[in-house]
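Below is one structure, written out as structure tokens; the observations come after it.
Every number here is computed from the coordinates shown, using simple stated rules; none is lab data. On a predicted model such as this, the values are computed, not experimentally measured, just so you know. Cβ sites come from the backbone with ideal geometry, for glycine too, and all protein chains shown count toward neighbours.
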Amino acid sequence: MIYDMNKGIMILGIVGSLCSPLYAQGGYGKVGLPFLRERDAQVLDVQAASFYKAVEPLADKTRKHAVYVEYRDRVITLGTVTIEGVVTKWSEIKPFASELFIVGHDGVRRGVVVKAIYNNYDIAVLAYNGSLPAVSLENPKDPSVGSFIYLSGPGKGAHGFGVVSVQARSLREQDKAFLGVRMDVNPVKNGGVRLQNIEPDTAAQKAGLEAGDVVLKVGDREVNGMIEMGNLLQRFKPGDTVNLTIRRNTEPFVAEVTLGARPQFRRISPERMNRMRSMGGSVNDVADGFPDVLQSDMQIEARESGGPVFDLDGNYVGTVVARSSRIKTYIIPAADLSELLKSNPDYEAQIEVSKPEHVANVQEEAPEAVNKVQRTQSLLEKLQRRIEDIER
């Protein structure tokens, strides 16, 4: 990590990761947190401002890898510059796909065309004329839980800051392993997690687990709470075998459990889920079900999805694919993005980008240039119709 930039960056980072979105909304006093006195809110405002100032030199070095994706001079979302094109969030740009532009760190406005779509991550790749510095996808490494990360945009300063709260995992229901137990929330003397109930016809019942058993270890990791145990089990897939160290009465033993698939539970209505998720800020419409994502507590706006995320050494960590709730931002890891871009997309266009960089001056160009723009617009309209045909 970088310590020579500002010796207080780690301390400030803790304040920033917890409170930066409130500061961005105009300060803690304006947000009106019920547990903060006005004097304390003012102190936090000063600390948050100091934090952003400390991170600014980092963000200034990485902003060259980010772009704004615009529609008629309005920022729709962010984008990450890769060697394959600009990676951004498909569902955010879809309504405007034929009239998009990007603006990079150099301030140049460039025309783009949707080159490819990957539905499983809600990602679109935009082709553009010119050259912008691409993020490095060579030898990427996932950051560890608790690592500080920040979201970069093409302007100065960081768009968001937080920590990695959950390591990369699948959010697809079919990829989630299921043990089939209800855990006791109360702490257990001498450690472990007590099982309150065993669901019938589940992995736990088939392995012989009983209500009242205390789980001491998942694999070789000791557990002392239901959240800790749940997070460990999230690392497995249906069909995986895991050894659970169990204490029944006084004697511990090891139970080999072959985990099952998660059953289809009654789901919360979409309307209620959106209300729950959006408490504390905007969320993306497509915000779940991704194959493999990191989770961060970074609190950003929905339109900041698509932006590149870096660690405090300036290494590219991944790209934001969604803001899901007040405390959940999902990031496709750099390694996964690298493999994704090598795979076959759900949609691929064979159209060359020819929209001029300075649209405002198009009518002042030679007639040949105007004709070129008109031909490009025709191609873009055909592209939009093809996209609509695919969706049907």
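The figures follow:
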{"read-out": "Order by protection proxy (mean Cβ within 10 Å, highest first), peptides 147-156, 223-232", "value": "147-156, 223-232"}
{"read-out": "Whole-Hz ³J(HN,Hα) from phi, Karplus 6.51 cos²θ - 1.76 cosθ + 1.60, for the stretch 218-234, glycine and proline x", "value": "10, x, 9, 9, 5, 10, 9, x, 5, 5, 4, 5, x, 5, 5, 5, 5"}
{"read-out": "Amide H within-cut-off set for residue 100, under 5 Å, with H built and near neighbours excluded", "value": "112"}
{"read-out": "Filter on 176/328; 89/328; 217/328 - keep pairs with C-alpha separation over 24 Å", "value": "217/328"}
{"read-out": "Highest to lowest packing among 121-127, 137-143, 251-257, 323-329, scored as the average C-beta count within 10 Å", "value": "121-127, 323-329, 137-143, 251-257"}
{"read-out": "For q = 0.12, 0.16, 0.19, 0.26 Å⁻¹, Debye-computed log10 I/I(0) when each Cα of the stretch 177-261 counts as one equal scatterer", "value": "-0.28, -0.51, -0.74, -1.53"}
{"read-out": "Under 5 Å, built H, 5+ apart or other chain: amide partners of residue 211", "value": "198"}
{"read-out": "In order through the stretch 71-80: 3J(HN,Hα) via Karplus (6.51 cos²θ - 1.76 cosθ + 1.60), integer Hz, x for Gly, Pro", "value": "10, 6, 6, 10, 6, 8, 6, 9, x, 10"}
{"read-out": "Euclidean distance of C-alpha centroids, the stretch 173-230 and the stretch 293-308, integer Å", "value": "31"}
